[in-house]
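> If you scroll down you'll find the structure; I have some questions about it.
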Amino acid sequence: MFEGKEYIYEVYKEKSFSKAAKNLYISQPSLSASVRRIEQKLGTPIFDRSSSPIQLTECGQTYIKAIQEIMEIERGFQDYLDNLQHLQTGTLSIGGSSLFASYVLPPLIAQFTKKYPLITIHLLEETTSNLEHLLMEGTLDLIIDNFQFEDESLQKYFYQSEHLLAAVPMSFPVNQLLSAFALDPLSILSDSYLDSAIPCVPFHVFREEPFLFLKPENDTMQRGMKICKKYGFQPHILLHLDQQITAYNITCSGMGICFVSDTLIRSTSPHPNVVYYKLDFEESVRSICFYRKRNRYLSFAVKEFLNMACADSLSDQTALL
């Protein structure tokens, strides 16, 4: 019904078929034929051709009003698209565990918000299993985690690597046997402890010590169990906890040994009541990645956030964006 409305509107503005045709770069007969086809669909004329200049019929006046409303809606939507493409509007929902929501995401969000202040950010702190569920159901646009999801419906974007350390309360006597392996806290902050010259702790010495582990579904727990198994012992676990930060805080209070990431140590600073040891097992190294649901519409806000956060690693993933 409104196909070819630009022809009708141009004739209305110019009150002349010849002038309208000239503006539209078409012949007058072609324009007249197009207008008549529209009038035939409507079943009534739009223009009163008996007057000079031509005028609108009663139906024509209503038709022009409808065209103007449609054009206003189109302009408004185009403005929205322009703003969206230039990130002048939009939302971004990101989720992470306590560690990432508290320490890793805030500086990234601050950097993004500084550049795009009109984007509304929603940050959610949840467990890994709940984060995956919320991502799959569409509540979250992105999640960040060190758990390696194998679901093919999730698209992965590498953020950075991290390493697990053994965190041991300083009050434990075992530390007296391991002075040659204790890490300088500053070496953790600078990553210099990763140098091959820095020795790894002979982990079997902790076989009689109490441990603080995360719950079975947590990646840190699974890696910790593999490390203990490699060194031939079943750890004595005092508590199973939900979050790495909680386990680490209890270690700082002197209760037991935990596995802690260098991401957390750099974020909170080394604790004076804890001794840190380097681990040599491949399970101590893992990737922190952003995940989004594959095949879901990739908004401009999500795309730009990933480009910003993963700038150093996206060169190999350009096709994904």
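> Consider VAL174 carefully, then state whether it is in contact with an Asp or Glu (Cβ under 8 Å, 6 or more places away or on another chain), within 22 Å of PRO270 (Cβ to Cβ), β-branched (Val, Ile, Thr) and open to solvent by less than 60 Å² (accessible area, probe 1.4 Å).
yes
> Then there's this: Quick check on PRO216: is it in contact with a strand residue (DSSP E or B) (Cβ under 9 Å, 6 or more places away or on another chain) and open to solvent by less than 70 Å² (accessible area, probe 1.4 Å)?
For PRO216, the condition - in contact with a strand residue (DSSP E or B) (Cβ under 9 Å, 6 or more places away or on another chain) and open to solvent by less than 70 Å² (accessible area, probe 1.4 Å) - is not met.
Here is a yes/no grid of residues against (1) within 20 Å of ASP280 (Cα to Cα); (2) out of contact with any helix residue (DSSP H, G or I) (no Cβ under 7 Å at 6 or more places or on another chain); (3) without any contact (Cβ under 8 Å) to a residue 60 or more places away in the chain:
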| site | (1), (2), (3) |
| --- | --- |
| GLU150 | no, yes, yes |
| LEU164 | yes, no, no |
| MET170 | no, yes, no |
| TYR193 | yes, no, no |
| SER196 | yes, yes, yes |
| PRO199 | yes, yes, no |
| ARG207 | yes, yes, yes |
| LEU214 | no, no, yes |
| GLU217 | no, no, no |
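> In contact (Cβ under 8 Å) with a residue 40 or more places away in the chain, within 30 Å of HIS133 (Cβ to Cβ) and in contact with a His (Cβ under 7 Å, 6 or more places away or on another chain), is that true of SER102?
no
> Let me ask something else. Please determine whether any residue of region 202-212 is open to solvent by 40 Å² or more (accessible area, probe 1.4 Å) and part of a helix (DSSP H, G or I).
Looking through region 202-212, at least one residue is open to solvent by 40 Å² or more (accessible area, probe 1.4 Å) and part of a helix (DSSP H, G or I).
> Please return the ranges of helices (runs of 4 or more DSSP H) entirely within region 222-321 where 1 or more residues are crowded, with 18+ Cβ neighbours inside 10 Å and of a type in the set (D, E, K, R).
262-268, 300-309
> Name every residue in region 99-120 that is within 22 Å of LEU264 (Cα to Cα) and in contact with a strand residue (DSSP E or B) (Cβ under 7 Å, 6 or more places away or on another chain), in order of residue number.
PHE100, ALA101, VAL104, LEU105, ILE109
> Is it fair to say ILE94 is in contact with a Gly (Cβ under 6 Å, 6 or more places away or on another chain), under 17 Å from MET308 (Cα atoms) and open to solvent by less than 90 Å² (accessible area, probe 1.4 Å)?
Spelling it out, it is not the case that ILE94 is in contact with a Gly (Cβ under 6 Å, 6 or more places away or on another chain), under 17 Å from MET308 (Cα atoms) and open to solvent by less than 90 Å² (accessible area, probe 1.4 Å).
The values are calculated or read from the model by the stated rules, or taken from the named source; none is laboratory data. Note that the structure is predicted; figures quoted are calculated from it, not measured. Cβ: placed from backbone, ideal geometry, glycine included. Neighbour counts: every protein chain shown. Areas reflect the complete protein model, heavy atoms only, side chains present, ligands, DNA and RNA absent. Shrake-Rupley method; radii C 1.70, N 1.55, O 1.52, S 1.80 Å.
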